[in-house]
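Step one of this worksheet: look at the structure below.
The values are calculated or read from the model by the stated rules, or taken from the named source; none is laboratory data. Being a predicted model, the structure only gives us computed values, none of them experimental. Reconstructed Cβ throughout: ideal geometry from the backbone, glycine too, with neighbour counts over all protein chains shown. When the accessible area is computed, the model is the full protein with side chains, heavy atoms only, and any ligands, DNA or RNA have been set aside. Shrake-Rupley method; radii C 1.70, N 1.55, O 1.52, S 1.80 Å.
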Amino acid sequence: IELKTAPADFRFPTTNQTRHCFSRYIEFHRCVSAKGEESNECEKFAKYYRSLCPGEWIEKWEEQRAGGTFPGPL
């Protein structure tokens, strides 16, 4: 997978990208839920969150999703 930085988003104007990372992660999983895992339309969201989020966060969120304890609105 080739990682590129996510494009600028007016919702996140500051240098702290924590919220941007979390939002892109949520957008990806909502897209997958709506369109299916085989949909190429969701891939851009995956690239965005993977470029913004630390790997440790992604691993923790995946564990939480699998355990049903993820704190976000999926």
Net charge of neighbours whose Cβ lies under 15 Å from the Cβ of P54, counting Lys and Arg as +1 and Asp and Glu as -1: 0
Once the Cβ-Cβ distance between K60 and R11 is put in as r, and R0 is 35 Å, what FRET efficiency do you end up with, to the nearest 0.05? 0.90
The chain: chymotrypsin sites (Phe, Trp or Tyr not before Pro) falling in loop per DSSP and having at most 14 other Cβ within 10 Å: F10
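Sort out the exposed loop trypsin sites (Lys or Arg not before Pro) in the chain (DSSP loop, at most 15 other Cβ within 10 Å) and tell me the longest stretch that has none.
Numbers: sites that count: K4, R11.
The longest such stretch corresponds to 12-74.
Nearest 20 debye, what's the magnitude of the dipole of the chain about its Cα centre given +1 on Lys and Arg Cβ and -1 on Asp and Glu Cβ?
Working: 11 positive and 11 negative charges, 61 e Å.
My answer is approximately 300 debye.
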What are the aspartates and glutamates whose alpha-carbon lies under 17 Å from the alpha-carbon of K35, with same-chain residues fewer than 8 places away excluded? E27, E43
Give me the lysines in straight-line cross-link reach of K4: C-alpha distance below 18 Å, same-chain residues under 8 apart excluded. K44, K47
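Given a 1.4 Å probe and every protein chain left where it sits, what share in percent of the accessible area of the chain is carbon and sulfur?
On the way: 2620 of 5260 Å².
Exposed carbon and sulfur together represent 50 percent of the surface.
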If you work out P(r) over Cα pairs in 5 Å bins from 0, in percent from the coordinates, which of [x] 3, 16, 25, 27, 20, 7, 2; [y] 3, 16, 30, 25, 16, 7, 2, 0; [z] 3, 16, 27, 25, 15, 9, 5, 1, 0 do you get? [x]
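How about the chain: which GluC sites (Glu not before Pro) there are in a DSSP loop, with at most 15 other Cβ atoms within 10 Å of their Cβ? Let's see the in-between values first.
On the way: sites: E2, E27, E37, E38, E41, E43, E56, E59, E62, E63; in loops: E2, E37, E38.
Taking the chain and a limit of 15 other Cβ atoms within 10 Å, the loop GluC sites (Glu not before Pro) found are E2, E37, E38.
Around K35, under 13 Å between beta carbons, what's the net of Lys plus Arg minus Asp minus Glu among the other residues? Present the calculation step by step, with values, prior to reporting the outcome.
Values: positive: R30, K44; negative: E27, E37, E38, E41, E43.
Local net charge: -3.
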